[in-house]
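Here is the structure we will look at.
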2 protein chains.
Amino acid sequence: MDAVRIIPLGGLGEVGKNMTVYEYRGEVVVVDAGLAFPRDEHLGVDLVLPDFDYLRSVDVRAIVLTHGHEDHVGSLPYVLREIKVAQVLATGLTLGLIKSKLDEHGLGNSTELREVDPADPPIEVGPFKLEFVRMAHSIPDNVAVVLDTPAGLIVHTSDYKLDHTPVDGMRTDVGKLAELGNRGVDLCLGDSTNAERPGFTQSERVVGEAFRQIIPLRKGKIFVTSFASNVHRVQQAIDVAIQTNRKVAIVGRSMRKNVNIARNLGYMDVPEGVIVRPQELEGLRPDQQMIVTTGSQGEPMSALTRIAYDDHPAVKVEPGDTVIISAKPVPGNELRVHDSINRLAKIGAEVLHQEIAPVHVSGHACEEEIRTVIGLLRPKALMPVHGEFRMLAAHAKLGREAGVPASAIVMAENGSVIELSRKGVREAERIESGVTFVDGLSVGDLSDVALRDRRRLSEDGVLIIVATVNGDASTARPELIARGFPETGPVLEEMRDEAARVLQELLRSDTSEIKLIQEHLHDAVGQLIYDRTRRRPLILPVVVEV
Amino acid sequence: MDAVRIIPLGGLGEVGKNMTVYEYRGEVVVVDAGLAFPRDEHLGVDLVLPDFDYLRSVDVRAIVLTHGHEDHVGSLPYVLREIKVAQVLATGLTLGLIKSKLDEHGLGNSTELREVDPADPPIEVGPFKLEFVRMAHSIPDNVAVVLDTPAGLIVHTSDYKLDHTPVDGMRTDVGKLAELGNRGVDLCLGDSTNAERPGFTQSERVVGEAFRQIIPLRKGKIFVTSFASNVHRVQQAIDVAIQTNRKVAIVGRSMRKNVNIARNLGYMDVPEGVIVRPQELEGLRPDQQMIVTTGSQGEPMSALTRIAYDDHPAVKVEPGDTVIISAKPVPGNELRVHDSINRLAKIGAEVLHQEIAPVHVSGHACEEEIRTVIGLLRPKALMPVHGEFRMLAAHAKLGREAGVPASAIVMAENGSVIELSRKGVREAERIESGVTFVDGLSVGDLSDVALRDRRRLSEDGVLIIVATVNGDASTARPELIARGFPETGPVLEEMRDEAARVLQELLRSDTSEIKLIQEHLHDAVGQLIYDRTRRRPLILPVVVEV
């Protein structure tokens, strides 16, 4: 067997976003161990993990993390709890972020954590030699992973953009990409997120420039919210705070944590005395204050949402203040973000957000950047990943236009087993794969049936019919209990009559098998409710024999 | 009493979008009778009507409809069923659309329907004289309503944009707006939807130009989806079909209905023989076909969604086809639309949508258009409406910049009673107002409690504890029924033990009052579940005394 097997896993429609398995003769390197966030249909679900059952049957030599975003590192504690992993490799900031996460889960010593750097010589891990290439993204210290394998050279780009003027000067290493292209790349797994979008993604610096234009003349407090992991965004906001003599309070647990880690590891540069505790803002004039906060997605319990609802213990928005929402709503979060904006506007703040001001740029490469990377790498084969199908299709089109033969472009799904051999790439098989729900403290015990019941319950509520049946076939009038459904009223009385009628009829005909009684009650009452109301509540007949 | 009372009603956060009451001495003209569409938190709700209870206590001389969109006409059948309304006034197309709607509700003869035209002389309705001004929008025959009242001249703009080159040549009548400005406008209620957006909204013609660039060279079938009411959008698509020798099938109930009405009333111009039945497409080559369809919002039962799931009886998407989604997702519908796009792309179609191609323009005025209208009308007072608070705030800012005194700009909410008198505008009081849910066949019987229960049920399911208690204080082991919650397993067994323990303890201590037993079971089991799982299912203890 000469082929390397590549298996994208996890994700809700985004291929290989959360986890990708690279396997040769039973030895495995996993790139990323992330999670997805539940969509509206995942009622009550907290987190969506990749189904990583496949890893139980192989030898996981390493998990390599490209960067510290939750969709790339968030499932690591769940994986380490279940799977023996020899080592976890990541760059400095990523490692700093996951160390804190693993400590929270009591997994601090569960594996070896090894820091890597793009300047390192190749690292041997089982049958693979790994190298790293610096790639700009909306979090520092992001890297592409280069896997030199027995079947050829693979480049896994990770999420990236081609920012030639990043805030930390750590630009995408186009020189190394070109060098890899000269060595000969057999397969590229590339980020497709913005493959549908024409042109170039703007540099992160553009947001700093917007901050410099917006902030200086304002007389009120300035609030800036972004993803807590967007260290350079926060750095740029703080830079303008320093230039305009504002003190900065960092509000929200994940923002405090990320800023601390980034400062301790040298990824942020903030002089002493600039950052103050929220309580210390009280003595300052509004134009001496900046509040950097979580809540850019309108998350219900986040600091900015609490501030918008005037429910934060330490911080208040007041008329004349300015709130800069330096992020784009993740699809599905639009209404929550709009709600925050409306609340803040109602209090009298001016709210600047990405729809109306240049206060956000994407972290992902658009069409022309993807063309550039394909041009530098000149891969023999292309596997678009990191995106919904429409984005992968757009990426594939860019590949074809750049001269990658259509037969060498592989459109994988999560669970596809893609084999790379000296003969090229092909989908060899599919494995059982999917997602695992985290709901409260439970991982994986929530079935599709339970989720379907929740949906039904959410739409039409529940109706419980309580019937008692005596040994002598007599019966009391059934009781009905309704929730999420009008709890009283003539319709409910009619249902009760119907239940009583069905029960009497069954008992007269000597039917006393409980299952049968339940079934008849369920069907008769269900039909009547539907006829009268066009609703279909979950109907649960409880028959008690006495 | 000299004041005219203006009361915006209905809506989910959008002020006066669905309905506005104009009242003078108990006589009322209502502008629009629309509805809102439920948001995710309105679990299972079908439609959201304005609470129009206020209309029961006044004399409704007329309902005036500005245009035929659902959020402006959709609640009309529900209003007419409850409220005596002397007449309904609307322009030709709007009247055509609501006639068909009223017939469906069996309300064809419930009121007088009267067609109005912007060229008509003023119409006296009770204490008001009404005139109409043609305003461009994303549906033809949209009008602003001018109310000459005892307290002054009011202009209610309706939704609008300043399209100087609309497809039907019926441009926003800026001449009449200027004339009104010269007469002296005392109050303007203006559309705020795009007040946050800089610049101008592009002309509808831009979309026609995009169709002309996209369609001619394509070899596959062309699918075009938009709002069924966007008559000019559909006209432009059909125009290009004619130019490129494609036959057109109209698919989806509301699309067929709207095209029929628009053609019959002369709002569309389609030669005989162009439109064919979907079945007739079969004999044609792909490049001879265009399918105009519903489903631009990814609605689950719509034609395009069924086509995307390969579940439409007559129409199929195939590789090489092109799908043009000529609409923008209404906030909250993004994920559904993305899902459609992914499905269609997976089948092999190229999907062009507003994020990546100029196939949609807004129907609402941006900043510079709003400035222009304020400049033409020069209103003494301004009441921003039709938008969320952030948009109203942006509109108010434009008003202040244009010289309307801050004290003459009134920020109303739904239920605010705004009084216009010779002394100016002010908020006089607030009336009880809100929304009424339509759920299945029921209007208004769904309480907030039931909705809260649905939310709880949707997140954590339901757990029923069935306990039987004998007169002699003995008891069987309680049964548990779980739905939307793991239905079996050790946790459930532990709950059952706990329920049995609580029950025994109560019976030993001679507690036999059912309410008390229920309460104890509820609290003990609820606490244990939360401790073990961090879930909070709805717990319903059923205690049967035998």
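The values are calculated or read from the model by the stated rules, or taken from the named source; none is laboratory data. Only a predicted model underlies this, so the values are computations on that prediction, with no experimental measurement involved. Cβ sites come from the backbone with ideal geometry, for glycine too, and all protein chains shown count toward neighbours. Ligands, DNA and RNA are excluded from the accessible area calculation, which covers all protein heavy atoms including side chains. Shrake-Rupley method; radii C 1.70, N 1.55, O 1.52, S 1.80 Å.
Condition first: of a type in the set (Val, Ile, Thr), more than 9 Å from chain B (Cβ to nearest Cβ), over 18 Å from residue A:198 (Cβ atoms) and open to solvent by 30 Å² or more (accessible area, probe 1.4 Å). Can you find one or more residues in the stretch A:353-364 that meet it?
Within the stretch A:353-364, none of the residues are of a type in the set (Val, Ile, Thr), more than 9 Å from chain B (Cβ to nearest Cβ), over 18 Å from residue A:198 (Cβ atoms) and open to solvent by 30 Å² or more (accessible area, probe 1.4 Å).
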Practice prompt. From (1) open to solvent by 10 Å² or more (accessible area, probe 1.4 Å); (2) out of contact with any helix residue (DSSP H, G or I) (no Cβ under 7 Å at 6 or more places or on another chain); (3) aliphatic (A, V, I, L, M), pick out the condition that doesn't hold for residue B:174.
Written response: (2)
Worksheet item: Quick one: what pairs do we get from the stretch A:223-243, first residue more than 19 Å from residue A:92 (Cβ to Cβ), second open to solvent by 10 Å² or more (accessible area, probe 1.4 Å), C-beta under 6 Å, 6+ apart or different chains?
Response: A:238/A:270; A:240/A:212; A:242/A:274
Discussion item. Here's a check for you: in the stretch A:391-411, which residue that is buried (at least 20 other Cβ atoms within 10 Å of the Cβ) and part of a helix (DSSP H, G or I) is nearest to the other protein chains (Cβ to nearest Cβ)?
Written reply: A:393
Discussion item. Residue A:466 - would you say it is under 47 Å from the mean Cα position of the chain (by Cα) and either over 19 Å from residue B:461 (Cβ atoms) or β-branched (Val, Ile, Thr) (or both)?
Written reply: yes
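Taking residue A:343, is it facing chain B (nearest Cβ under 9 Å), open to solvent by 20 Å² or more (accessible area, probe 1.4 Å), in a helix (DSSP H, G or I) and closer than 28 Å to residue B:384 by Cα? Write out each step before concluding.
Working: facing chain B (nearest Cβ under 9 Å): yes; open to solvent by 20 Å² or more (accessible area, probe 1.4 Å): yes; in a helix (DSSP H, G or I): yes; closer than 28 Å to residue B:384 by Cα: yes.
Criteria met by residue A:343.
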Fill in: Number of the exception - residue A:122 against (1) open to solvent by 10 Å² or more (accessible area, probe 1.4 Å); (2) closer than 26 Å to residue A:82 by Cβ; (3) over 25 Å from the mean Cα position of the chain (by Cα)
(2)
Practice prompt. Take residue B:196 and decide whether it is within 14 Å of another protein chain (Cβ to nearest Cβ) and open to solvent by 20 Å² or more (accessible area, probe 1.4 Å).
Written response: yes
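Would it be correct to say that residue B:51 is open to solvent by 20 Å² or more (accessible area, probe 1.4 Å), within 14 Å of chain A (Cβ to nearest Cβ) and either over 11 Å from the mean Cα position of the chain (by Cα) or acidic (Asp, Glu) (or both)? Break it down stepwise before answering.
Details: open to solvent by 20 Å² or more (accessible area, probe 1.4 Å): yes; within 14 Å of chain A (Cβ to nearest Cβ): no; either over 11 Å from the mean Cα position of the chain (by Cα) or acidic (Asp, Glu) (or both): yes.
Here the answer is no, as residue B:51 does not meet what is asked.
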Practice prompt. Kindly check whether there is at least one residue in the stretch A:143-163 that is touching a residue at least 60 places away in the same chain (Cβ under 8 Å), out of contact with any His (no Cβ under 7 Å at 6 or more places or on another chain) and at positive phi.
Written response: yes
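Kindly evaluate residue A:20 against the criterion of being assigned to a loop (DSSP other than H, G, I, E, B) and open to solvent by less than 10 Å² (accessible area, probe 1.4 Å).
On the way: assigned to a loop (DSSP other than H, G, I, E, B): no; open to solvent by less than 10 Å² (accessible area, probe 1.4 Å): yes.
When the stated conditions are applied, residue A:20 does not pass them.
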Practice prompt. Determine which member of the set B:119, B:144, B:136 is farther than 24 Å from residue B:18 by Cβ and modelled with pLDDT of 95 or more.
Written response: B:119
Practice prompt. Scan the stretch B:434-457 and report the pairs whose first residue is more than 8 Å from every other protein chain (Cβ to nearest Cβ) and part of a loop (DSSP other than H, G, I, E, B) and whose second residue is modelled with pLDDT of 85 or more and open to solvent by less than 50 Å² (accessible area, probe 1.4 Å), with Cβ atoms within less than 6 Å and a gap of 6+ or a chain change.
Written response: B:434/B:51; B:444/B:436
Worksheet entry | All positions within the stretch B:250-273 that are under 21 Å from residue B:95 (Cβ atoms), among the charged types (D, E, K, R) and not in a helix (DSSP H, G or I) | B:269
Item to complete: Answer yes or no: is there a residue in the stretch B:377-386 that is under 18 Å from residue B:172 (Cβ atoms), open to solvent by 30 Å² or more (accessible area, probe 1.4 Å) and not β-branched (Val, Ile, Thr).
Response: yes
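What are the residues in the stretch A:520-541 that are in contact (Cβ under 8 Å) with a residue 12 or more places away in the chain and either outside the structural domain of residue A:479 (by TED's automatic domain parsing) or in a helix (DSSP H, G or I) (or both), if any?
Within the stretch A:520-541, A:520, A:521, A:522, A:524, A:525, A:526, A:528, A:529, A:532, A:533 meet the criteria.
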Discussion item. I need every pair where a residue in the stretch A:111-130 that is farther than 24 Å from residue A:25 by Cα and assigned by TED's automatic domain parsing to the domain that holds residue A:62 has its Cβ under 8 Å from the Cβ of a residue that is open to solvent by 50 Å² or more (accessible area, probe 1.4 Å) and assigned to a loop (DSSP other than H, G, I, E, B), sequence separation at least 6 or different chains.
Written reply: A:118/A:173
Worksheet item: Among the residues of the stretch B:350-362, is any among the charged types (D, E, K, R), in a strand (DSSP E or B) and touching a strand residue (DSSP E or B) at 6+ places or on another chain (Cβ under 9 Å)?
Response: yes
Worksheet item: Which members of the stretch A:174-222 meet the condition of being under 23 Å from residue A:367 (Cα atoms), of a type in the set (Gly, Ala, Ser), in a helix (DSSP H, G or I) and in contact (Cβ under 8 Å) with a residue 24 or more places away in the chain?
Response: A:178, A:181
Practice prompt. Inspect all residues belonging to the stretch B:326-338 and state whether any of them is farther than 27 Å from residue A:40 by Cα and either at pLDDT 95 or above or within 9 Å of chain A (Cβ to nearest Cβ) (or both).
Written response: no
Worksheet entry | Condition met for residue A:487 (at pLDDT 85 or above, open to solvent by 20 Å² or more (accessible area, probe 1.4 Å), touching a strand residue (DSSP E or B) at 6+ places or on another chain (Cβ under 9 Å) and not polar (S, T, N, Q)) | no
Worksheet item: Just one of B:472, B:523, B:510 is modelled with pLDDT of 90 or more, surrounded by fewer than 20 Cβ atoms within 10 Å (Cβ to Cβ) and either more than 9 Å from chain A (Cβ to nearest Cβ) or under 46 Å from the mean Cα position of the chain (by Cα) (or both); which is it?
Response: B:523
Worksheet, complete the sentence: Per the list (1) facing chain B (nearest Cβ under 7 Å); (2) modelled with pLDDT of 90 or more; (3) assigned to a loop (DSSP other than H, G, I, E, B), residue check on residue A:464 breaks on (3)
Worksheet item: Among the residues of the stretch A:88-111, is any in contact with a Cys (Cβ under 8 Å, 6 or more places away or on another chain), assigned to a loop (DSSP other than H, G, I, E, B) and open to solvent by less than 40 Å² (accessible area, probe 1.4 Å)?
Response: no
Practice prompt. Please give the number of the condition residue B:166 fails out of (1) farther than 30 Å from residue B:423 by Cβ; (2) crowded, with 21+ Cβ neighbours inside 10 Å; (3) touching a residue at least 60 places away in the same chain (Cβ under 8 Å).
Written response: (2)
Worksheet entry | Selection count where residues are within 14 Å of chain A (Cβ to nearest Cβ) and surrounded by fewer than 17 Cβ atoms within 10 Å (Cβ to Cβ), scope the stretch B:412-433 | 1
